[in-house]
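The values are calculated or read from the model by the stated rules, or taken from the named source; none is laboratory data. Source: prediction; values computed, not measured. Glycine also receives a Cβ, built like all others from the backbone with ideal geometry; neighbour counts cover every protein chain displayed. Only protein heavy atoms, including side chains, enter the accessible area calculation; ligands, DNA and RNA are left aside. Shrake-Rupley method; radii C 1.70, N 1.55, O 1.52, S 1.80 Å.
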Amino acid sequence: SQKIEQNSEALNIQEGKTATLTCNYTNYSPAYLQWYRQDPGRGPVFLLLIRENEKEKRKERLKVTFDTTLKQSLFHITASQPADSATYLCALTRAQTGANNLFFGTGTRLTVIP
Amino acid sequence: EPEVTQTPSHQVTQMGQEVILRCVPISNHLYFYWYRQILGQKVEFLVSFYNNEISEKSEIFDDQFSVERPDGSNFTLKIRSTKLEDSAMYFCASSDLRNQPQHFGDGTRLSIL
């Protein structure tokens, strides 16, 4: 069966450190992998998108890598701040269909401790 | 910045009743989606809609569900006869092109009694 797993349900990190979140998938051939942020009671907010032929993408303090051989994406937040505390979701778009509906992982709840 | 708006924010309905959840996607977007999130679980795809028709739907989206874009701005999800297990947060999303980031609303919390 198809699975998208995020490394842990919860991750606590000290302010100023780099947070690294992992997304592993099986039985998918994703065309795109995206990372979203979700705050309690709110909808997901898009952060970064990386295509299957890209290795790395950056945006300000955020960096995402995509390894289609390992079937894994890493999401990094450098110089983390308490305001970065949220649940982070990875989501895949399959390559073989014409639609672009997202398949989400279960999320990692990040807490940045001041 | 334009945003996706959903109404109502919370809907309480008796089991067996029909419910309509409403969404106003971003105005120049062409692709529309509904997702749901049961409390404590992952966000799950329900249906995608493009060019006035369903382009893909999941196993969850059975005959009890329907979607409509009745005019140029609204996108609705109807559940004909609600069940207890339909209780969840329902998110609407839209995107301007295929395989582009999706913009989500803040959801409607549906509670079935």
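If I go through region A:54-105 residue by residue, how many of them are open to solvent by 50 Å² or more (accessible area, probe 1.4 Å), in contact with a Lys or Arg (Cβ under 9 Å, 6 or more places away or on another chain) and farther than 24 Å from A:ASN12 by Cβ?
Result for region A:54-105: 4.
So B:ASN28 passes all but one of these: (1) more than 14 Å from chain A (Cβ to nearest Cβ); (2) part of a loop (DSSP other than H, G, I, E, B); (3) touching a strand residue (DSSP E or B) at 6+ places or on another chain (Cβ under 9 Å); (4) not hydrophobic (A, V, I, L, M, F, W, C). Which condition number does it fail?
(3)
Filter region B:33-79 down to residues that are of a type in the set (Asp, Glu), in a strand (DSSP E or B) and more than 8 Å from chain A (Cβ to nearest Cβ), then give me how many there are.
2
Out of the residues in region A:32-89 that are farther than 21 Å from A:PHE103 by Cα and assigned to a strand (DSSP E or B), state the one that is nearest to the other protein chains (Cβ to nearest Cβ).
A:LYS59
Collect the residues in region B:49-90 that are touching a residue at least 12 places away in the same chain (Cβ under 8 Å), among the basic types (Lys, Arg), out of contact with any Ser or Thr (no Cβ under 6 Å at 6 or more places or on another chain) and farther than 20 Å from B:LEU39 by Cβ, keeping them in residue-number order.
Within region B:49-90, B:ARG69, B:ARG80 meet the criteria.
If you scan region B:49-87, which residues turn out to be out of contact with any Leu (no Cβ under 6 Å at 6 or more places or on another chain) and of a type in the set (A, V, I, L, M)?
Selection gives B:ILE54, B:ILE79, B:LEU84.
Here's a check for you: in region A:10-23, which residue that is surrounded by 17 or more Cβ atoms within 10 Å (Cβ to Cβ) and within 14 Å of the chain's Cα centre (by Cα) is farthest from the other protein chains (Cβ to nearest Cβ)?
Result: A:ALA19.
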